[in-house]
1. Which condition number in (1) without any contact (Cβ under 8 Å) to a residue 24 or more places away in the chain; (2) touching a strand residue (DSSP E or B) at 6+ places or on another chain (Cβ under 7 Å); (3) polar (S, T, N, Q) is the one that Gln347 fails?
2. Cβ contacts < 6 Å: first residue free of Cβ contacts under 8 Å to residues at least 40 places away in the same chain, restricted to segment 382-410; second residue open to solvent by 40 Å² or more (accessible area, probe 1.4 Å), any location; separation 6+ or different chain. Result?
3. Consider segment 112-128. How many of its residues are under 18 Å from Ala102 (Cα atoms) and among the small types (Gly, Ala, Ser)?
4. Testing Phe218 on (1) surrounded by 17 or more Cβ atoms within 10 Å (Cβ to Cβ); (2) within 28 Å of Lys94 (Cα to Cα), one condition comes back false. Which one is that?
5. So the check is Cβ under 8 Å with 6+ separation or different chains; which pairs have a first residue in segment 305-328 that's within 22 Å of Leu279 (Cβ to Cβ) and surrounded by 15 or more Cβ atoms within 10 Å (Cβ to Cβ) and a second one that's modelled with pLDDT of 95 or more and of a type in the set (Phe, Trp, Tyr)?
6. Which ones in segment 39-59 are open to solvent by less than 30 Å² (accessible area, probe 1.4 Å) and of a type outside the set (A, V, I, L, M)?
7. Quick check: is even one residue across segment 39-55 aliphatic (A, V, I, L, M), closer than 28 Å to Lys168 by Cα and over 29 Å from the mean Cα position of the chain (by Cα)?
8. (1) aliphatic (A, V, I, L, M); (2) part of a loop (DSSP other than H, G, I, E, B); (3) closer than 26 Å to Ala149 by Cα: which one isn't true of Ala321, the others all being true?
Amino acid sequence: MANPSPGNSITLRVEAPSSFSATSELAAAVGAAGAAITALDVTESHHETLVVDVTCNTTDDEHAARVKDALNALDGVKVQHVSDRTFLMHLGGKLEVVPKVALRNRDDLSRAYTPGVARVCLAIAEDPAAARNLTVKRNTIAVLTDGSAVLGLGNIGPAAALPVMEGKAALFKQFANVDAWPVCLDTQDTEEIIMIAKAMAPVYGGINLEDIAAPRCFEIEKRLRDELDIPVFHDDQHGTAIVTLAALVNALRVVGKKLDEVRIVVSGVGAAGSAIIQLLKAQGARHIVAAGRSGAIHSGEQYNDEHRAWIAANTNEEGFAGTLHEALKGADVFIGVSAPHVIGEEQVASMADKAIVFAMANPTPEIDPSIASKYAAVVATGRSDFPNQINNVLAFPGFFRGLLDAGASDITPEMLVAAAEAIANRVADDELNASYIIPSVFDPHVASDVASAVAAAAHAAAATAAASTATDAAGASADTEAAAFANA
């Protein structure tokens, strides 16, 4: 898709002849080159020349070069410099550490550090649970990656993954006041990643796994959940599943269909696809066909990894064994978490009446949404420049806020569903329409609503577990008394 995006925003510093029409001529040239102007500022004014900063959105580096050439082609105009606004934002990184307490004198220093800090250390040594109240642990999570599946860029390594993890940490702070820190590991060995995560866990109240390739991500998450006493959440799986479910709930309301009746085709059976299928199944979806690169997953085929085997055993009851394109004939819902351009106009046209298309491959969707919207009643993507952005930022900040507030040590399906319902409910009945099925990522209430829902689900799970433990204990006590009576 050739749509100008803020992700490719540039500022061109231009010297132009001083005239009343100079700025309008610059704007016309940029527009004719296909860029979208967002700002035009005169920074210097001389008797013969003006210096103008022209800011615009482009599609890529080649498009930016064409915009520069278009301006240079104007009579008397010279582009002095081109700045990439995205790279400027990342200069020096996007995070910093700021103390919460002021260190103004020796009195402050004696309490924040030595000698007073020793008393706090000893208190934690005596009661390790006190670390949650007396350190950063209660509000800090690790955003952990091995750089093996970063965005749609693939295995680019830990250093190249760092800008994404910094951005993730900034979103945690911005939307839910959660202190997060990027942890980019220079290893892609499953056992080493697990070992490192366990070793650093005392600092953190939770771990957000990010951009780790399947199937390794499944094993890492499972083992860490089993072996740590803090929540471990793989956002590419569960964050995506939460927001997808929320969007689908509202999309089905728009078209007047029910989750347990619609036929759903999922393209992509990696981390996100597997989690989406599991959550949809948990919510009552009954007719799901999942497709990988070689076609539909079905029970007539043997699969080496347990996740594809689970999908084969729990979906596609009719045993459909065709291609993704064939699977879409008559389908009500398409959910894409796969690759660019895997379906076309013909496939969307073959879907059922009032079809729903979620083309979420990022940055380039499975189909151009403007084409899909010619046939589908509701279309959503993962992009911010189209309606209905299905974005994980709606889920993960509030989700971890709720986990931390509840002091949760585990994550349950009920928490995932509660988060999805909280997001869906942010769209009021009088707001809901085909172009607005999911709230904006800047809705100030989303994170707090998700946090409250997750915390309530966590407390309910804890209460259930406590009641079960009490029942077991009472039963054991009764058995002991009965045995003693019998022996007597």
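The values are calculated or read from the model by the stated rules, or taken from the named source; none is laboratory data. As the structure is a prediction and not an experimental result, all values here were calculated from the model. Here the Cβ is made from the backbone with ideal geometry for all residues, glycine too, and neighbour counts use every protein chain on show. Note: areas computed on protein heavy atoms with side chains; ligands, DNA, RNA excluded. Shrake-Rupley method; radii C 1.70, N 1.55, O 1.52, S 1.80 Å.
1. Against the list (1) without any contact (Cβ under 8 Å) to a residue 24 or more places away in the chain; (2) touching a strand residue (DSSP E or B) at 6+ places or on another chain (Cβ under 7 Å); (3) polar (S, T, N, Q), Gln347 comes up short only on (2).
2. Listed by first residue and then by second, the contacts come to Gly382/Asn362.
3. The qualifying residues number 2.
4. Only one criterion is unmet by Phe218, namely (2).
5. Within 8 Å, the pairs are Leu328/Phe334.
6. Once the filter is applied, which keeps residues that are open to solvent by less than 30 Å² (accessible area, probe 1.4 Å) and of a type outside the set (A, V, I, L, M), segment 39-59 yields Asp53, Thr55, Cys56, Asn57, Thr58.
7. If we filter segment 39-55 for residues that are aliphatic (A, V, I, L, M), which is where we start, we get 39-40, 42, 50-52, 54.
Checking which are closer than 28 Å to Lys168 by Cα leaves us with 39.
This time we only want the ones that are over 29 Å from the mean Cα position of the chain (by Cα), so: 39.
Scanning segment 39-55, I find at least one residue that is aliphatic (A, V, I, L, M), closer than 28 Å to Lys168 by Cα and over 29 Å from the mean Cα position of the chain (by Cα), so the answer is yes.
8. Answer for Ala321: the failing condition is (3).
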